[in-house]
Amino acid sequence: MAKVTLRGLLAHKLRLTLTALAIVLGVTFISGTFILTDTLNSTFSNLFSSVYQKIDFQVRGVAQLGTGANATRNPLPESLLTSVRAVPGVGGAYGQVEGYAQFVARDGKPISSTVGTLGVEFDPDQQISSLHLIAGGPPVTGDDVVMDAGTAKSYGFSVGQQVRVLSAGAPPQAFTITGIAQFGTADNLAGATLAAFTLPTAQRIVGETGQLDDINVVAKPGADKATVQAAIARAMPAGVQVVTGQTVINENTSSVSQALSFFNTALLVFALIALFVGAFTIYNTFSIIVGQRTRELALLRVVGASRGQLLRSVLAEAAIVGLVSSAIGVGLGALAALGLEALLSGFGQSLPTGPLTFEPRTAIVGLAVGTLVTVVSAIGPARNAVRIPPVAALADRPADGTGGSTAPARRRLIAGAALAVAGAALLAAGLSKPVVALVGAGAGCIFIGVAMLAPAIARPLSGLLGRPLAALLGTPGQLGRENSMRSPRRTAQTASALMVGLALVSAMAVFGASLSQSATSSVDQAVSADLIVSANGTGQLADGVPSAAAAVPGVTAVTTVYRDQFEFKSTLATVTGLPPQGLADNVILRMTAGSAAALGQGELLIDSTTAKANHLAVGDIAPVKFAYTGATTMRIGGIYQANALIQSYLVSSAFFLAHFRQPSPGAVLLRTNGSPSVETAVSQALARYADVQVQTRAQFEQAQVATVNQLLGLVYALLALAVLIALIGIVNTLMLSVLERTREIGLLRAVGMRRRQVRAMIRSEAVILATFGAVIGIVVGTLLGLALVTSLRQQGITETTVPVVRLILFLVLAALLGLLAASWPARRAARLDVLAAIAAQ
């Protein structure tokens with residue numbers, strides 16, 4: 001049987017090539033995802049190791065909020081640096097500060113980075129410092145700065161030139177570039193821009209005069225490090241800890257790994273979607289092949305082959321196809337990783353670069369998943385193969401494309417309905433928890449159930465969709481319509497892959513449209529201000545912005561918005577600070593219980609969702625914790641309806657400023673006298689703050705919608721692979737159909753059908769298949785999108801919108817893609833030799 005299996009593969013190379021391509025693409029996506037995330041992990045890990053391996057200990061504040069590298073810690077007094085250096089066994093110690101500092105390009109635009117724009121101190125001791133000069137020298141005066149090599153290369157800066165630097169507390173300041181430096185061996189800190197100053201200047205820039213974020217320590221050669229660490233700890237006051245350099249490396253590496261795990265999971269979800277769509281193509285291909293090999297398989301039974309041998313033979317074919325395809329996909333993973341990186345960069349998600357990392361796990365998972373999906377998808381056709389009776393070898397058996405299935409239609413419909421209902425239940429449970437695994441399982445069950453139910457409507461719906469083509473193209477269109485109606489189950493199976501792809505695209509369209517509409521509506525329901533002043537990239541404004549805006553003639557009310565993190569009932573959250581006086585001038589606060597006046601008494605206001613989730617009412621006492629002032633309790637003074645500006649927690653500005661260290665405004669809301677010239681005047685007054693943008697409420701809403709659309713575009717791009725695999729399935733089915741109907745096509749040519757009419761017939765069938773899948777997919781996807789939107793109503797998606805025009809566009813695009821998919825099969829059918837085709841069996 002091994003020889004029979006190999007000969008079967010060699011005899012059906014063309015039939016299996018496109019099936020293999022579907023697996024290759026899916027496994028390539030999976031391998032590329034692993035390679036990309038492993039590369040990012042390795043890049044960050046090597047970077048942290050190269051920087052912190054030079055230090056033996058780090059002195060820092062005890063974590064007040066959060067843990068590890070992401071913890072919020074109080075700064076250290078600079079005087080501790082002297083105390084550390086005086087400890088016996090300490091060979092060197094230097095203090096670090098880090099905060100916001102952003103370079104301004106020559107065109108006046110701030111140089112942004114998705115990773116960060118950092119201001120740091122420059123330690124002149126190059127044996128310890130993480131910054132290595134590759135040009136020029138260190139900063140000496142308060143007007144000097146060292147720029148990272150990445151920014152210098154990208155924006156054409158060199159030693160001796162002037163550059164403006166933005167900081168949170170002041171307008172841009174001019175500095176002289178005295179040096180260009182690398183961070184460790186990299187041009188920058190994983191993509192972040194770095195502005196390095198003398199320690200006093202860095203402290204002033206980041207707002208930590210006389211303070212340090214931490215102190216890095218190096219022990220003297222030969223000193224017992226454990227003894228030195230203990231001695232430093234004894235010399236430090238309460239609230240200060242001493243950890244090893246390896247601890248710092250581990251914390252930073254762990255933090256990056258956790259951040260990348262979500263990124264990795266998201267990409268893997270799209271890769272698995274592509275493989276799931278590919279599974280439909282595999283199932284359909286093997287079903288048709290088994291149906292076309294009825295005589296061959298029955299003859300094997302006649303000469304003594306057992307059912308088990310036939311089953312193993314078909315599954316072995318699938319395993320070989322899956323293994324070879326998966327191996328090719330794993331090999332192409334590196335190209336996929338580069339492609340994913342370019343795709344994400346094209347949507348504004350810049351990533352640090354480094355040598356590609358290929359872990360053994362990538363190959364193991366890629367080979368295992370690709371082979372498993374192929375084999376599992378072929379089980380149904382393989383079982384159909386063993387049911388073929390030997391007597392079928394004695395007479396032709398009509399191939400209906402079902403692989404010889406004898407399962408009653410009623411049983412299939414009942415099973416499909418049960419699976420769809422079970423999927424809907426799993427989806428509802430997953431959305432309510434939320435649990436991604438349940439959502440995925442529910443959606444998968446729904447898709448499989450719908451695919452099982454689709455044959456019941458394939459004949460009437462194909463006939464309906466084919467009527468315009470029959471009227472437009474005449475006989476070729478009518479034949480294409482009849483071909484799609486001839487085998488409802490094959491039509492449904494072929495269209496199912498496209499159904500899954502377009503269902504997901506449609507669900508995202510409904511979700512995106514609802515999210516965009518909710519973003520617009522939430523701004524209208526949260527803010528009544530005429531102008532909104534915000535920062536371009538940092539989220540923080542200079543302290544002088546509110547007063548500068550207030551001084552503009554025509555500005556009648558100013559509301560400064562503050563935001564930072566605190567702990568509410570031991571959970572990290574964001575709290576907003578607003579002034580109680582004149583709050584209604586710029587903010588819409590709809591109270592459902594209590595009063596906004598409670599803000600002036602130092603009480604906490606929460607939104608209704610938080611109150612319900614935590615079973616809180618006005619007058620209840622809740623534990624809170626602030627990094628600067630520590631743990632305390634607050635009385636719930638009021639409950640308000642969901643507000644996009646304020647989010648879940650609100651305190652007065654005075655309370656906020658008393659509990660946070662050197663806070664900067666997050667936004668400024670302005671009420672004006674309605675004059676169109678006020679916006680221009682405000683922009684001119686704030687022009688010296690290069691990172692500030694002034695927007696009307698309508699412009700701010702448009703910016704929120706643009707952000708949603710950008711994210712939606714990225715999702716569409718990632719789902720495009722699933723749609724491509726679905727189109728491969730259509731091409732595969734049409735190719736197999738041409739092979740199956742060779743004699744029929746020859747007879748049509750013999751009675752006068754022209755080549756262009758043959759092409760039109762095949763293309764008509766492809767358009768009907770694609771449109772059939774698109775119609776079902778759009779309907780199912782719309783329902784899934786509505787379910788998703790409904791489940792997220794408490795998370796801020798308050799509007800439900802079905803983008804009808806966009807969904808119609810998807811339908812038209814599917815028909816055009818079907819027409820494109822038919823190009824090769826149509827040309828092959830038209831080129832068949834008439835006499836040879838008539839003689840074919």
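The values are calculated or read from the model by the stated rules, or taken from the named source; none is laboratory data. Everything quoted here is computed from the prediction, not taken from an experiment. Methodologically, a virtual Cβ is constructed for each residue, glycine included, from the backbone with ideal geometry; neighbour enumeration extends over all protein chains shown. Note: areas computed on protein heavy atoms with side chains; ligands, DNA, RNA excluded. Shrake-Rupley method; radii C 1.70, N 1.55, O 1.52, S 1.80 Å.
Quick check: anything in the stretch 58-75 open to solvent by less than 40 Å² (accessible area, probe 1.4 Å), within 30 Å of Gly333 (Cα to Cα) and either assigned to a helix (DSSP H, G or I) or of a type in the set (Ser, Thr, Tyr) (or both)?
No, the stretch 58-75 contains no residue that is open to solvent by less than 40 Å² (accessible area, probe 1.4 Å), within 30 Å of Gly333 (Cα to Cα) and either assigned to a helix (DSSP H, G or I) or of a type in the set (Ser, Thr, Tyr) (or both).
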Original post:
So is Gly142 more than 32 Å from the chain's Cα centre (by Cα) and either of a type in the set (Lys, Arg) or at pLDDT below 95 (or both) or not?
Top reply: yes
Original post:
Just to be sure, is Val87 over 32 Å from the mean Cα position of the chain (by Cα) and in a loop (DSSP other than H, G, I, E, B)?
Top reply: yes
**OP:** Please state which of the following conditions Leu515 fails to meet, knowing it meets all the rest: (1) open to solvent by 10 Å² or more (accessible area, probe 1.4 Å); (2) closer than 17 Å to Leu734 by Cβ.
**Re:** (2)
Original post:
Given (1) open to solvent by 10 Å² or more (accessible area, probe 1.4 Å); (2) in contact (Cβ under 8 Å) with a residue 24 or more places away in the chain; (3) under 27 Å from Gln126 (Cα atoms), where does Thr28 come up short, assuming only one miss?
Top reply: (3)
Original post:
Limited to the stretch 194-246, what total is found for residues that are farther than 18 Å from Leu81 by Cα, open to solvent by less than 30 Å² (accessible area, probe 1.4 Å) and in a helix (DSSP H, G or I)?
Top reply: 1
**OP:** Please verify whether the stretch 664-673 includes one or more residues that are part of a helix (DSSP H, G or I) and surrounded by 15 or more Cβ atoms within 10 Å (Cβ to Cβ).
**Re:** no
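Mind counting the residues in the stretch 161-172 that are modelled with pLDDT of 85 or more and either open to solvent by less than 50 Å² (accessible area, probe 1.4 Å) or under 21 Å from Pro665 (Cβ atoms) (or both)? Even if it seems obvious, please write down each step before you answer.
Kept after step one, since they are modelled with pLDDT of 85 or more, are these residues of the stretch 161-172: 161-166.
Okay, now just the ones that are also either open to solvent by less than 50 Å² (accessible area, probe 1.4 Å) or under 21 Å from Pro665 (Cβ atoms) (or both), so 163-166.
Residues flagged as modelled with pLDDT of 85 or more and either open to solvent by less than 50 Å² (accessible area, probe 1.4 Å) or under 21 Å from Pro665 (Cβ atoms) (or both) within the stretch 161-172 amount to 4.
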**OP:** Determine whether Asn250 is buried (at least 16 other Cβ atoms within 10 Å of the Cβ) and either touching a residue at least 40 places away in the same chain (Cβ under 8 Å) or in contact with a helix residue (DSSP H, G or I) (Cβ under 8 Å, 6 or more places away or on another chain) (or both).
**Re:** no
Subject >> Residues of the stretch 764-778 satisfying the condition of being over 7 Å from Gly480 (Cβ atoms) and open to solvent by 10 Å² or more (accessible area, probe 1.4 Å) >> reply: Val767, Thr771, Val775, Ile776, Ile778
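Listed here are the residues, each with its yes/no results for (1) within 19 Å of Phe263 (Cβ to Cβ); (2) outside any helix (DSSP H, G or I); (3) at pLDDT 90 or above; (4) among the charged types (D, E, K, R).
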{"site": "Ser313", "(1), (2), (3), (4)": "no, no, no, no"}
{"site": "Ser326", "(1), (2), (3), (4)": "no, no, yes, no"}
{"site": "Val330", "(1), (2), (3), (4)": "no, no, yes, no"}
{"site": "Gly348", "(1), (2), (3), (4)": "yes, yes, no, no"}
{"site": "Phe358", "(1), (2), (3), (4)": "yes, yes, no, no"}
{"site": "Val365", "(1), (2), (3), (4)": "yes, no, yes, no"}
{"site": "Leu372", "(1), (2), (3), (4)": "no, no, yes, no"}
{"site": "Ala378", "(1), (2), (3), (4)": "no, no, no, no"}
{"site": "Arg383", "(1), (2), (3), (4)": "no, no, no, yes"}
Subject >> Conditions (1) small (Gly, Ala, Ser); (2) on the phi < 0 side of the Ramachandran plot; (3) at pLDDT below 95: number failed by Gly582 >> reply: (2)
Subject >> Qualifying strands (runs of 3 or more DSSP E) (wholly inside the stretch 529-628; at least 1 residues being closer than 30 Å to Ser677 by Cβ) >> reply: 531-535, 555-568, 571-578
Original post:
Is it the case that the stretch 651-662 has a residue that's open to solvent by 20 Å² or more (accessible area, probe 1.4 Å) and β-branched (Val, Ile, Thr)?
Top reply: no
